[in-house]
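**Q** I'd like to ask some things about the structure below.
No lab work stands behind these numbers, since they all come straight from the coordinates. Worth saying up front: this structure is predicted, and the values here are computed from it rather than measured. Ideal geometry is used to build each Cβ from the backbone, glycine not excepted, and the neighbour counts take in all protein chains shown.
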Amino acid sequence: MYADKVMSAAEAVARFVRPGAVLGMGGQNIGRVPMALTHEIIRQRIGGLTVVGCNLSIGMDQLVGAGLVRRCESGSGNLERFGTTFCWRRGIEDGTLEVEDYSHLAMVSRFLAGEMGVPFMPVRSLLGSDLLPPPDGGRPGKAVVTENPWSPAEPVVLVPALQPDVSIVHVQRADPLGNIIIEGFATHEPEMIRASRHVIVSCETLITTDEVRAHPERTTVPFLYVDAVVVQPCGAYPTSTYGFYDYDADEVSAYQEAARAGGPAVEAYLAANVWAHGTFDGYLMRAAGPPHLEALAEAMREIT
Amino acid sequence: MPSGDTPAVGAGASRQELMVIEAARRLRDGEVVFVGTGLPLLATTLAQRTHAPHIVMVIESGVIAPQVRPTPISVSDPKAMYRAVRLGTLREVLGGLLQRGLIDVGFLGGAQIDRYANINSTQIARPHGIRRLPGSGGANDMASHCRRLLIITHHERRRFPERCDYITSPGFLDGPGGRQRAGLNPDFSVAVVTDLAVMENDPETCALRVTALMPGVRVEEVLAETGFRPEVAPDLRAVAPPASDDLRVLRDELDPGRLYLKAEEAASSRRA
């Protein structure tokens, strides 16, 4: 348990991401998406994945574009101002990608049930909507409506616990044991991390365990849940990392252009930006380079 | 300035600008508002910088009470987090504030909206298969739990069908008593602010009806751009032209790069 868990992205992904895994995805939209770990999964072409999260965006879409995803369970798929997640949309529309839809609260409640070790969590969202399976019985596993045992005739929705086989997240700070510090907004990650069987964390900065022990109240999730720590500055690029760097609109748009076109354009994007490089640093140098990364860091300093 | 094919209305504002201003007016000082991305974020920031300085914004990524800095493009954009009192988690804002009942107003952007204010942001039927949309996000949670729902969207016939193909987020479902039967809080109202008009639910029938028109817009234009046939309120009023300060703040402070308003105007011109 007190082992040093620092390793390369290649080793972490090879050890903990299995073909066919249920993969929990951190981040939201253009914020703190674990791109370095996503690229590594694409580089190793680990397929048959079920990707789960609340909002799924550019990381999920690249995995779909690489042909590695069988199914998604989430509250939304999109990149807001940059458009939809085009590979995801195309996969759903042509029937090659299964999806199960929830609201964001329902998804985080599923992770909460997983975190708490209980089989389901009640919510009062989804009632009356088509996010509930039809009354003639939907696929097992999805939400069910029941009555509040203490107030019969009051409907309540039960959503099934979700414990991903492995989750990937990118955070600001971690120590070698895997104590992690998320700064700024944390989305669904605390619940998802604690619900997961394995967790791979990439971090901007490696800190010491003494630094963690000096300010234990700052620890977002303690090391017991974490299997691997990958030190990767700019590991969420081209999405932002709060307190470190802003998102890169040009690079997000470059991917979106390829994703919208689909087919060979996606293949070419992934070839040039993922498969051409042995590590994520190769991509960072190709797509951004130090002066541009410094400009994104300056843009973040200006607004925080 | 408004583009050539977007008619200028009161005090030189385009209809798109006045739509944002009118939506902002519907937020009251001191209210707790759960804000969706895009135009809702712009309109709520406008309210905060004009008549409602004590508005409390809550954003689903976990942001509580920010003083938004222009011009965020996402709920995860750091500009939407500026000077927040807490950057927390999705569960604490969607669960601990919204589902818990501590939010006054839910504010959503465009989607498909039907007669009973049900919202579809999941999928639209097409002759051959479906067109997949982003999904619920926090919208189902907002429509399920807030007492007042504010929607801002362009007024296009295809956006206002008689009945949504898929109900992502519940309005009044099948009409009077619908929310109660489904187990949702029946204490609920909806206002839809568009570039042509304002529609609000009739307290009796629960159906959306036209309650105000943008300056220079005739009711026939609204009906022609609405897929269902809405009633028109007997006390139909005109949306007031913007105060000069509203327009200045919107143009010069909030969207100086025209990230939203220019694109929105272009979107509107395509329709014309």
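**Q** Below 8 Å between Cα atoms, with a sequence gap of 6+, how large is the relative contact order for chain B in percent?
**A** This gives 20 percent for chain B.
**Q** Here's another thing I want to ask about it. Output wanted: per-residue J couplings in Hz (rounded whole) for region A:24-33, from phi through Karplus 6.51 cos²θ - 1.76 cosθ + 1.60, θ = phi - 60°, x for Gly and Pro.
**A** Karplus-based 3J(HN,Hα) across region A:24-33 equals x, 10, x, x, 8, 6, 9, x, 6, 6 Hz.
**Q** Here's something else I'd like to know. Mind checking which lysines have their Cα closer than 24 Å to the Cα of B:Lys79? Skip sequence neighbours fewer than 8 apart in that chain.
**A** B:Lys262
**Q** How would you classify chain B from its alpha-carbon gyration tensor, with a ≥ b ≥ c the square roots of the eigenvalues: rounded for a/c under 1.5, else prolate if a/b is greater than b/c, otherwise oblate?
**A** Rounded, because the longest to shortest axis ratio a/c is under 1.5.
**Q** Please state the shape class of region A:146-304: rounded when a/c is under 1.5, otherwise prolate if a/b exceeds b/c and oblate if not, all from the C-alpha gyration tensor.
**A** Oblate is the answer for region A:146-304, as a/c is 1.5 or above yet b/c matches or exceeds a/b.
**Q** Rounded if a/c is under 1.5, else prolate if a/b is larger than b/c, else oblate: which is region A:65-214, with a ≥ b ≥ c the root eigenvalues of its Cα gyration tensor?
**A** Oblate is the answer for region A:65-214, as a/c is 1.5 or above yet b/c matches or exceeds a/b.
**Q** If I model a spin label as a point 7 Å beyond the Cα along the Cα-Cβ vector, how far apart are those points for A:Val144 and B:Glu221 in nm?
**A** 5.4 nm
**Q** Where the centroid of each part is defined by its Cα atoms, how far is region B:11-56 from region B:200-245 in Å?
**A** Cα centres, region B:11-56 to region B:200-245: 19 Å.
**Q** Can you work out the Karplus-derived ³J(HN,Hα) for every residue in region A:194-210? Use 6.51 cos²θ - 1.76 cosθ + 1.60 with θ = phi - 60°, whole Hz, and x for glycine or proline.
**A** Each residue of region A:194-210 in turn: 6, 8, 8, 6, 9, 9, 10, 10, 9, 9, 5, 9, 8, 10, 8, 5, 4 Hz.
**Q** Taking every residue in B:77-83, how many Cβ atoms of other protein chains lie within 10 Å of its Cβ, on average?
**A** 6
**Q** Follow-up. Taking amide H positions as placed in the peptide plane 1.01 Å from N, state which residues far from A:Val6 in sequence (5 or more) or on other chains have amide H under 5 Å from it.
**A** The answer is A:Val229.
**Q** Separate question: Straight-line reach from A:Lys5: which aspartates and glutamates have a Cα under 13 Å away, not including same-chain ones fewer than 8 places off?
**A** A:Asp175, A:Asp227
**Q** How do the peptides A:187-199, B:84-96 rank, highest first, by the average count of neighbouring beta carbon atoms within 10 Å per residue?
**A** The densest-packed peptide leads the list: A:187-199, B:84-96.
**Q** Only Cα pairs under 8 Å and at least 6 apart count here; give the relative contact order of region B:49-146 as a rounded whole percent.
**A** Taking the mean separation of contacting Cα pairs over the length of region B:49-146, I get 20 percent.
**Q** Now for a separate question. Loop-only check: which chymotrypsin sites (Phe, Trp or Tyr not before Pro) in region A:51-160 are DSSP coil with at most 15 other Cβ within 10 angstrom?
**A** Those satisfying the criteria are A:Trp150.
**Q** Mind listing the phi-derived Karplus ³J(HN,Hα) values for region B:250-258, rounded to whole Hz, using 6.51, -1.76 and 1.60 with θ = phi - 60°, and x for any glycine or proline?
**A** Listing the rounded values in order: 4, 7, 8, 9, 8, 9, x, x, 6 Hz.
**Q** What do you get for trypsin sites (Lys or Arg not before Pro) in region A:1-95 restricted to DSSP loop and a cutoff of at most 14 other Cβ within 10 Å of the site's Cβ?
**A** Qualifying residues, ordered by number: A:Arg45.
**Q** Highest mean first, what order results for B:118-130, B:30-42 on Cβ atoms within 10 Å?
**A** B:30-42, B:118-130
**Q** Next question. Can you tell me, using C-alpha contacts under 8 Å and at least 6 residues apart, the relative contact order of region B:59-112 as a whole percent?
**A** Result for region B:59-112 is 35 percent.
**Q** Give me the inter-chain shielding for A:90-98: mean count of other chain Cβ atoms within 10 Å, whole number please.
**A** 2
**Q** Right, here's the next one. Give the average, rounded to an integer, of partner chain Cβ atoms located within 10 angstrom of each Cβ in A:182-192.
**A** Mean partner-chain Cβ count within 10 Å for A:182-192: 6.
**Q** To continue, here is another question. Can you work out the PRE-style zone for B:Asp165? Point 7 Å along Cα to Cβ, and I want the residues of region A:91-120 with backbone N under 13 Å.
**A** Answer for region A:91-120: A:93-94.
**Q** Name the long-range amide H neighbours of B:Ala212: under 5 Å, sequence gap of 5 or more, or other chain; modelled H, no Pro or chain starts.
**A** Correct list: B:Val198, B:Arg237.
**Q** When you take every Cα atom in chain A, what is the radius of gyration, and what is Dmax, the widest Cα pair distance, in Å?
**A** 19.2, 63
**Q** Name the long-range amide H neighbours of A:Asn78: under 5 Å, sequence gap of 5 or more, or other chain; modelled H, no Pro or chain starts.
**A** Those qualifying (amide H under 5 Å, at least 5 residues apart or on another chain) are A:Leu56, A:Thr85.
**Q** Also, I was wondering about something else. Can you compute the modelled spin-label distance between B:Ala240 and A:Glu98, with each label point 7 Å from Cα toward Cβ, in nm?
**A** 5.6 nm
**Q** Please sort by residue number the trypsin sites (Lys or Arg not before Pro) in region A:104-172 whose DSSP state is loop and whose Cβ has at most 15 other Cβ atoms within 10 Å.
**A** Filter output for region A:104-172: empty list.
**Q** Can you compute the modelled spin-label distance between A:Asp250 and B:Asp174, with each label point 7 Å from Cα toward Cβ, in nm?
**A** 5.6 nm
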